[in-house]
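Asks: Provided herewith is a single structure, encoded as structure tokens, for subsequent inquiry.
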Amino acid sequence: MKSGLIVIGGGPGGYVAAIRAAQLGLRTVLVERDALGGACLNRGCIPTKTLLHSASLYRQVLHSAAFGVTASDAGFDYAVMDERRRQVVEQLRRGVEGLLKGNGVEVIHGSAVIQGPGRVRVGEAIYESEHILVAVGALNRPLSSRQM
């Protein structure tokens, strides 16, 4: 299969580049080994901010009497908070999938291996392209005990 661009990595850098390339007329393939949206959407920023928002609401309820608002039986249910986090992530991931599909980007799930100029292997399939864009993101660097 020959395309104009193969993008390796479906995080915010990769999926935005793939969409733009397709909008500009390139036949575009995006390869992602994990969930579309990258670490921020699936495991980092978005889930964390969703849980922090729930915690902030709980804290506001606990201190609401100072504003003339009384709430009895204030409590939290972590299972409900976690389910909301999961739903927010899923909704955003479906949005990324819809944008890619709506712009004609072919998404292939699997690990990409560059075989040479213009050649990428995913599983047993070989894809050929005029251009390859590597947008695999980064990994967290663990903090050492001296940094804490």
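The values are calculated or read from the model by the stated rules, or taken from the named source; none is laboratory data. Quantities reported herein were computed from a predicted structural model and do not represent experimental measurements. A quick note on method: Cβ atoms are made from the backbone with ideal geometry, for glycine too, and the neighbour counts reach across all protein chains shown.
Asks: Scan the range 97-120 for residues that are among the basic types (Lys, Arg) and under 26 Å from LEU41 (Cα atoms) and report the count. Can you show your working first?
Replies: As a first pass, look at the range 97-120 and keep what is among the basic types (Lys, Arg): 101, 119.
Subsequent filtering for residues that are under 26 Å from LEU41 (Cα atoms) retains 101.
Looking only at that region, the number is 1.
Asks: Step by step: first the residues of the range 35-49, then only those that are outside any helix (DSSP H, G or I) and in contact (Cβ under 8 Å) with a residue 12 or more places away in the chain, then the one that is surrounded by the fewest Cβ atoms within 10 Å (Cβ to Cβ). Which residue is that? Walk me through how you get there before you give the answer.
Replies: Going through the range 35-49, the residues outside any helix (DSSP H, G or I) turn out to be 35-37, 43-44.
Filter once more, keeping what is in contact (Cβ under 8 Å) with a residue 12 or more places away in the chain: 35-37.
Working: ALA35: 18, LEU36: 22, GLY37: 23.
Only one residue tops the list, namely ALA35.
Asks: If I ask for residues that are surrounded by fewer than 14 Cβ atoms within 10 Å (Cβ to Cβ), free of Cβ contacts under 8 Å to residues at least 12 places away in the same chain and assigned to a strand (DSSP E or B), which ones from the range 113-124 would you list? Can you show your working first?
Replies: Of the residues in the range 113-124, the ones surrounded by fewer than 14 Cβ atoms within 10 Å (Cβ to Cβ) are 113-117, 123-124.
When the remaining residues are screened for being free of Cβ contacts under 8 Å to residues at least 12 places away in the same chain, the result is 113, 115-117, 124.
Residues satisfying the conditions are VAL113, GLN115, GLY116.
So that you can scan it fast, the table gives a plain yes or no per residue for (1) at negative phi; (2) at pLDDT 95 or above; (3) β-branched (Val, Ile, Thr); (4) surrounded by 14 or more Cβ atoms within 10 Å (Cβ to Cβ):
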| residue | (1), (2), (3), (4) |
| --- | --- |
| GLY75 | yes, no, no, no |
| VAL80 | yes, yes, yes, no |
| GLU83 | yes, yes, no, no |
| VAL88 | yes, yes, yes, yes |
| GLN91 | yes, yes, no, no |
| GLU97 | yes, yes, no, yes |
| GLY104 | no, yes, no, yes |
| ILE108 | yes, yes, yes, yes |
| SER111 | yes, yes, no, no |
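Asks: Go through the range 50-85 and give me each residue that's part of a helix (DSSP H, G or I) and either in contact (Cβ under 8 Å) with a residue 60 or more places away in the chain or of a type in the set (Ser, Thr, Tyr) (or both). Please lay out each step first, then the result.
Replies: Step one: of the range 50-85, the residues part of a helix (DSSP H, G or I) are 50-62, 64-67, 78-85.
Result: THR50, SER54, SER56, TYR58, SER64, TYR78.
Asks: Which numbered condition in (1) of a type outside the set (Phe, Trp, Tyr); (2) assigned to a loop (DSSP other than H, G, I, E, B); (3) within 13 Å of the chain's Cα centre (by Cα) is the only one that VAL88 fails?
Replies: Of (1) of a type outside the set (Phe, Trp, Tyr); (2) assigned to a loop (DSSP other than H, G, I, E, B); (3) within 13 Å of the chain's Cα centre (by Cα), only one is false for VAL88: (2).
Asks: Scan the range 96-107 and tell me whether some residue there is under 21 Å from VAL16 (Cα atoms), among the aliphatic types (A, V, I, L, M) and either touching a Cys at 6+ places or on another chain (Cβ under 6 Å) or not in a helix (DSSP H, G or I) (or both).
Replies: Checking the range 96-107: at least one residue is under 21 Å from VAL16 (Cα atoms), among the aliphatic types (A, V, I, L, M) and either touching a Cys at 6+ places or on another chain (Cβ under 6 Å) or not in a helix (DSSP H, G or I) (or both).
Asks: In the range 19-41, which residues are under 18 Å from ARG121 (Cα atoms) and in contact with a strand residue (DSSP E or B) (Cβ under 8 Å, 6 or more places away or on another chain)?
Replies: We begin by selecting, within the range 19-41, every residue under 18 Å from ARG121 (Cα atoms); these are 27-34.
If the condition is that a residue be under 18 Å from ARG121 (Cα atoms) and in contact with a strand residue (DSSP E or B) (Cβ under 8 Å, 6 or more places away or on another chain), then ARG27, THR28, VAL29, LEU30, VAL31, GLU32, ARG33 are the ones that fit.
Asks: Give the residue that is nearest to ASP34 (Cα to Cα), with candidates limited to residues of the range 113-148 that are among the β-branched types (Val, Ile, Thr) and at pLDDT 95 or above.
Replies: Quick first cut of the range 113-148, residues among the β-branched types (Val, Ile, Thr) only: 113-114, 120, 122, 126, 132, 134, 136.
Narrowing further to those that are at pLDDT 95 or above: 113-114, 120, 122, 126, 132, 134.
Details: VAL113: 15, ILE114: 18, VAL120: 17, VAL122: 13, ILE126: 19, ILE132: 19, VAL134: 15 Å.
This residue is VAL122.
Asks: Sticking with this one: Looking at this structure, is VAL136 surrounded by 14 or more Cβ atoms within 10 Å (Cβ to Cβ), in contact (Cβ under 8 Å) with a residue 60 or more places away in the chain and not acidic (Asp, Glu)? Talk me through it step by step, then tell me what you get.
Replies: Working: surrounded by 14 or more Cβ atoms within 10 Å (Cβ to Cβ): yes; in contact (Cβ under 8 Å) with a residue 60 or more places away in the chain: yes; not acidic (Asp, Glu): yes.
So VAL136 passes the test.
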